[in-house]
Amino acid sequence: MKSSDLFSRAKQLMPGGVSSPVRAIRPYPFYVERAAGSRLMTVDGMEFIDCCLGYGPLILGHAHPDVRDAIVRQVEKGWLYGTPTPLEIDLAARIVDDHPAVGMVRFVSSGSEATMAAIRAARGYTGKQDIVKVEGGFHGAHDAVLVKAGSGATTLGVPDSAGVLADVVAHTRQVPYNDPEALETLLAGNEDVAAFIVEPIMGNIGPVLPEDGYLADIREITAAHDTLLIFDEVITGYRVGIGGAQVRYGVKPDLATFGKIIGGGLPIGAFGGRRDIMELVAPSGPVYQAGTFSGNPASLAAGYATLCWLHTHPEVYQHLDEAARAIEEATVDAQRGSFVRTGSLFKHFFREAPPRNYRDVQECDREAFSRFWKAMLDAGVFLPPSQFETNFLSTAHSRSDIEKIADAYRSCLFA
Ligand SMILES: Cc1ncc(COP(=O)(O)O)c(C=O)c1O
Ligand SMILES: N[C@H](C=O)CCC(=O)O
């Protein structure tokens, strides 16, 4: 069956025809039959260079042999036990060793669960009720954070979701990114804030980068007001380097959340941080958190294989950075717009100056982005289909892939 026919059938069976809203490309999404390395192969016989990479987890590309072998080895031994496994100790130790801010970690099944539980732990620890998030920040699809949420929520025009109780979101305050004064003002006027949750590099409207000193400032401000700082590293964890943004920028949050890369492409999430906070999580403490699939052996195996590979090839972060720079160089003469990149995260914004925050990103010319995105697809490059999502590179992108992506940028931006 062709993609168009599959989508017609899917729409009869699933809301919008998809399992996650960002996938509902118009007029219909392409359906993937298989993937390898940097490529996606569709049921229609098309092949695309993939710069979406499952929205970030696949830093080693599709079906990396080490990760595939680890999954197969695990699956041959069974894939759900409902008991502890040695693997979870290995992965926990890896994450704890790599992150000075993380003394203990709990595995869950998604990034959404991780942020939900981290917020609960912060409330349990502080005894305070409110949280602060950044406008345009995306921390998954649970009630407390679906307020001015980035990602698909903004792309589809529902940054404040229907169905979320007003009483719940009354406890979620907002500040603009890159604005430490706004945070200081808010915390000075509200003593009931348990945590400030922030993507250290905004990945769900961007990337939008932290200005010099911003992360250190918010560390200082939150500490001064007895508010916990939560870094949501679901995208940045192992993406911007081993140790994520907290190591890269040298700022220690109280709690951190992970997902994506730590599962090597299988479902996972984790939250961790200071031991005195994490000790409050059940069964050692009263903050309840649980899950049938938490610490799923196949996900742990895929994640551990991915992190081991990154540890034995630390030079890849430099290579990925150079690859993204090569793409940027292809856009230097762009008549309009701005290119933002850090490591293997990159994006061309249809706005004169690089955005500093959500309000800036919303000024982008979305129609121009849509035309550009379609032209890139026609040129054989699949980018996430929104001005509000980050593009990714993987270690599977060859020099020739990067040249093709750069050529496509050149022709599609100037077309
Ligand atoms: C920064 C961030 N936090 C949390 C999430 C939620 O993760 P998941 O989709 O695994 O629930 C995402 C992505 O969706 C994310 O990008
Ligand atoms: N931006 C989201 C995660 O990072 C995209 C994933 C999704 O919503 O399906």
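The values are calculated or read from the model by the stated rules, or taken from the named source; none is laboratory data. Please read all numbers here as calculations on a predicted model, not as lab measurements. Ideal geometry is used to build each Cβ from the backbone, glycine not excepted, and the neighbour counts take in all protein chains shown. Side chains are part of the model used for accessible areas, which takes the heavy atoms of the whole protein and leaves out ligands, DNA and RNA. Shrake-Rupley method; radii C 1.70, N 1.55, O 1.52, S 1.80 Å.
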Restricting attention to the range 25-57, report how many residues are without any contact (Cβ under 8 Å) to a residue 60 or more places away in the chain and under 21 Å from the mean Cα position of the chain (by Cα). 2
Testing PRO207 on (1) open to solvent by less than 20 Å² (accessible area, probe 1.4 Å); (2) under 21 Å from VAL108 (Cα atoms); (3) within 17 Å of the chain's Cα centre (by Cα), one condition comes back false. Which one is that? (2)
How many residues does the range 294-345 hold that are part of a helix (DSSP H, G or I) and either within 23 Å of PHE388 (Cα to Cα) or in contact (Cβ under 8 Å) with a residue 12 or more places away in the chain (or both)? 28
Would you confirm whether or not the range 209-217 contains a residue that is touching a Gly at 6+ places or on another chain (Cβ under 7 Å), in contact (Cβ under 8 Å) with a residue 40 or more places away in the chain, of a type in the set (A, V, I, L, M) and part of a loop (DSSP other than H, G, I, E, B)? no
Keeping to the range 347-391, report how many residues are away from ligand 1 (no atom under 16 Å from the Cβ) and not in a loop (DSSP other than H, G, I, E, B). 20
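Look through the range 7-38, keep the residues that are open to solvent by less than 50 Å² (accessible area, probe 1.4 Å) and among the aliphatic types (A, V, I, L, M), and return whichever of them is farthest from ligand 1 (Cβ to nearest atom).
By that ranking, first place goes to ALA36.
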Of the conditions (1) hydroxyl-bearing (Ser, Thr, Tyr); (2) farther than 20 Å from SER161 by Cα; (3) crowded, with 24+ Cβ neighbours inside 10 Å, THR115 satisfies every one except a single condition; which number is it? (2)
Quick one: in the range 125-143, of everything that is assigned to a helix (DSSP H, G or I) and surrounded by fewer than 19 Cβ atoms within 10 Å (Cβ to Cβ), which residue is farthest from ligand 1 (Cβ to nearest atom)? THR126
In the range 75-105, what residues are open to solvent by 60 Å² or more (accessible area, probe 1.4 Å) and of a type in the set (D, E, K, R)? GLU76, LYS77, ASP90, ASP97
Test ALA182 against the stated conditions and say whether it is touching a residue at least 24 places away in the same chain (Cβ under 8 Å), open to solvent by less than 50 Å² (accessible area, probe 1.4 Å), assigned by TED's automatic domain parsing to the domain that holds SER284 and part of a helix (DSSP H, G or I). no
I'd like the full set of residues that are within 16 Å of ligand 1 (Cβ to nearest atom) and either outside the structural domain of TYR125 (by TED's automatic domain parsing) or more than 13 Å from SER344 (Cα to Cα) (or both), limited to the range 219-244. LEU229, ILE230, PHE231, ASP232, GLU233, VAL234
Looking at GLY285, GLY291 in this structure, which one is part of a loop (DSSP other than H, G, I, E, B) and away from ligand 1 (no atom under 16 Å from the Cβ)? GLY285
